[in-house]
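Just so it is clear, none of the values below were taken in a lab; they were calculated from the coordinates. Computed from a prediction, not measured in an experiment: that's the story for all the values here. No Cβ is skipped: glycine too gets one built from the backbone with ideal geometry, and neighbour counts run over all protein chains shown.
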Amino acid sequence: MYRYASFALFLAIGIAVQRSNGTEVTVKDDNDNICLYAQLMVNFSVSYEVADNKSQTVMFKLPVDVSTNGSTCDDASSTLKLNFGKGHSWSVNFTTNGKMYNADTVTFSYNLSDATIFPKSALNGTQNVTAKPQFTEVGIDTCYSCRSIDTIEGESVNQTLWNVLIQAFVSNNSKSENITSCAADMPVTTAAPTTPPTTAAPVTNSSTAPPPTTTPTPTLPTPATGRYNVKPDENSTACLMADFGLRIGLKTEEMNFEPNGTTSSGSCGVNSSQLVLVSNAVTITLTFLNDTKKFHLHALNVTGKTSSGGAFSVANTNLSLWEAAVGSSYMCNKEQNYTITEALTLYTFDLRVQPFGVKKGVFSTAEDCQADAENFIVPIAVGVALLVLILIVLLAYFIGRKRNMASTYESL
């Protein structure tokens, strides 16, 4: 029912308000010695049933303040259990053979009766999901570290982990300085290409051989403009609005983001808002920050599959794009390209976005981007130049006329 994926759907949620290294806990044994240490960040996306057989998706994070009641340690196994909110918990079970240890299962329990997280839920009570993490063969006196995004994906629940540092069997009452890194954090090495031996070319009757032909890469058409919004509930007007066409540039290919069939969701807050776009091939999460005077795009996460079927996941949580005053919208009609990471370039077309202060479901007055401002500079400069030229011609005309009149008076 649940499968493991190496990409994250909801990395950016909560990053704006969670500036620390995440949730950090220690578990002690009966002798009051530290037996388990953990520091990690976890985000959850849960789809649940509401009225009229409809579903709703909420996103929330593992808070910094948790309790470890139910966590256990012994020589053969240990359990990390983090309890939070109104009846929610996240736990991992570890086992060891004395030399290595593994994470066997991850269990996430969420209470649908908690109306603060699951408003209008048609069901009550606690739901449990269990999955197998990718966490194997860690040295007994070693901390497992994984800064990269790690997502356990299911039909109704997605769990995104990153910045993970765990030692399941602590000895000497202190965390080890030895690190076992996950595969995603390991540097990728590329083998040097080998040159095949050359052989003498066969003699032919033609004096020259035709050069090899290459097929040019087709140019993509301008992407269609999508109209997306986020509503607090079905009966409310939009609290976040965005119109744009998108092209995603990867190292291997470029692809247009297709608005047809794309679903939009997200959240609107006082200090941060989020827009999540899910198409058949790509999921895009945009997080905006509000500093009370201006807003900007702070984080972007893009995951999906290439045309060849390969999965990709790219994120940047330290952006400062699309800035405008709170209470206005940001607009940029001209095509723009942004280098998000070394592996991702984002192209925008006919962009207009307002993540805060939307009233009556319509955009507020727009602040144009610098590119659009530059578009006005050229015609203004041309107009000024023409005006100056006209003034010079008129001035020359009047000077010439005055001289002619003076010559006429002298002749008389």
* Asked: Which FRET efficiency, nearest 0.05, do SER77 and GLU177 yield, Cβ-Cβ r, R0 22 Å?
  -> 0.35
* Asked: Among the lysines, which have Cα under 24 Å from the Cα of LYS305 when same-chain residues fewer than 8 positions away are ignored?
  -> LYS132, LYS251
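Compute, for segment 65-130, the length of the dipole vector about the Cα centre, with Cβ point charges of +1 (Lys, Arg) and -1 (Asp, Glu) only. Units Debye, rounded to 20.
Working: 4 positive and 5 negative charges, 41 e Å.
For this selection, approximately 200 debye.
What is the sum of charges, Lys and Arg at +1 and Asp and Glu at -1, for the other residues whose Cβ falls under 13 Å from the Cβ of HIS88?
On the way: positive: LYS61, LYS81, LYS86; negative: ASP65, ASP114.
Net local charge, HIS88 excluded: +1.
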* Residue among PRO355, HIS296, THR306 farthest towards the positive dipole end of segment 273-357, charges placed on Cβ -> PRO355
* Rounded to whole Hz and in sequence order, give me ³J(HN,Hα) for segment 157-168 from the Karplus expression 6.51 cos²θ - 1.76 cosθ + 1.60, θ = phi - 60°, writing x for Gly and Pro. => 10, 10, 10, 10, 10, 6, 6, 8, 9, 9, 10, 7
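Over segment 218-339, what relative contact order in percent results from Cα pairs under 8 Å that are six or more residues apart?
15 percent
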* **Efficiency of FRET between LYS402 and THR292 - r from beta-carbon atoms, R0 51 angstrom, step 0.05** => 0.25
* **Rg/Rh ratio calculated on Cα atoms of segment 265-386 (Kirkwood radius)** => 1.04
* Asked: Put +1 on the Cβ of each Lys and Arg and -1 on the Cβ of each Asp and Glu in segment 107-188; which of THR126, PHE169, THR180 then has its Cα farthest toward the positive end of the dipole?
  -> THR126
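Tell me, what is the Rg over Rh of segment 7-165, with Rh the Kirkwood radius over Cα pairs?
Numbers: Rg = 16.2 Å, Rh = 16.6 Å.
In segment 7-165, Rg relative to Rh is 0.98.
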* To do: Using the Karplus curve 6.51 cos²θ - 1.76 cosθ + 1.60 with θ = phi - 60°, work out ³J(HN,Hα) for each residue of segment 80-91 in order, rounded to whole Hz, and write x for Gly and Pro.
  => 9, 10, 10, 9, 7, x, 9, x, 9, 8, 9, 9
* To do: Would you be so kind as to identify which of SER47, TRP90, TYR110 lies farthest towards the positive end of the dipole of segment 33-135, taking Lys and Arg as +1 and Asp and Glu as -1 on Cβ and the Cα centre as origin?
  => SER47
* **Two-site label geometry, GLU155 and ASP52: point separation in nm, points 7 Å out along Cα→Cβ** => 2.4 nm
* Per residue of segment 293-305, in order, report the coupling 6.51 cos²θ - 1.76 cosθ + 1.60 (Karplus, θ = phi - 60°) as ³J(HN,Hα) in whole Hz, putting x for Gly and Pro. => 10, 10, 10, 7, 6, 9, 9, 9, 10, 10, 9, x, 10
* Asked: For segment 204-354, what class follows from the C-alpha gyration tensor (a ≥ b ≥ c being the square roots of its eigenvalues): rounded when a/c is under 1.5, otherwise prolate if a/b is larger than b/c, else oblate?
  -> prolate
